[in-house]
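Written below as structure tokens is the structure these notes are about.
The values are calculated or read from the model by the stated rules, or taken from the named source; none is laboratory data. Note that the structure is a prediction, hence the values are computed from the model and not measured. Cβ: placed from backbone, ideal geometry, glycine included. Neighbour counts: every protein chain shown.
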């Protein structure tokens, strides 16, 4: 699961910054008001400790539950493959599904990591801090921005020439989800993302 390994590594590297939170918080408190990302970092960091403890003691979804959640079809896209189980060295429960349209080049890939358990809780908390930061950058090749769609706050990246879209977000502060739409613009990628029954994950976790 190379995609999961890359994602996990990035989140854990980001989370390592939290070890310096005491010093960072003091410096950030002295920063000018109105610097939104600095303010967001402080607010999110305050939530981290309690959230880690809560998720660390939670029971991860089983492979069967994750497999059951993954739909066989998304609209007119058909699932052509899936992976389920613990992801690499980080031992976090995950599932990944790939969907294709037979008469086009469109491919939709969804990867989900359950943030329950010792390692998953750290990844989720770290991503929560990163994911809630407002950002936007654009050049001739891609457009990256923080968006909120249907109540979901996501980091959205659109690669213009390739017409590929990536969405990264945390659902209910537990499930880390990465969506990649190949030959799909932003609107099309969100359209298929809406077809995922994310609320079912919460019910499984109850």
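Which condition does residue 156 not pass, out of (1) surrounded by 16 or more Cβ atoms within 10 Å (Cβ to Cβ); (2) in contact (Cβ under 8 Å) with a residue 60 or more places away in the chain; (3) within 24 Å of residue 73 (Cα to Cα), if it passes all the others? Here residue 156 meets the rest and fails (2). For region 125-146, state whether one or more residues are under 20 Å from residue 95 (Cα atoms), under 15 Å from the mean Cα position of the chain (by Cα), at pLDDT 95 or above and in a strand (DSSP E or B). No, the conditions are met nowhere in region 125-146. Has region 131-151 got at least one residue that is buried (at least 17 other Cβ atoms within 10 Å of the Cβ) and touching a residue at least 60 places away in the same chain (Cβ under 8 Å)? Yes, region 131-151 contains a residue that is buried (at least 17 other Cβ atoms within 10 Å of the Cβ) and touching a residue at least 60 places away in the same chain (Cβ under 8 Å). Among the residues of region 174-206, just one is in contact with a helix residue (DSSP H, G or I) (Cβ under 8 Å, 6 or more places away or on another chain), part of a helix (DSSP H, G or I) and buried (at least 20 other Cβ atoms within 10 Å of the Cβ), namely 201.
Can we say residue 170 is surrounded by 15 or more Cβ atoms within 10 Å (Cβ to Cβ) and touching a strand residue (DSSP E or B) at 6+ places or on another chain (Cβ under 6 Å)? Taking the combined requirement at face value, the residue satisfies it.
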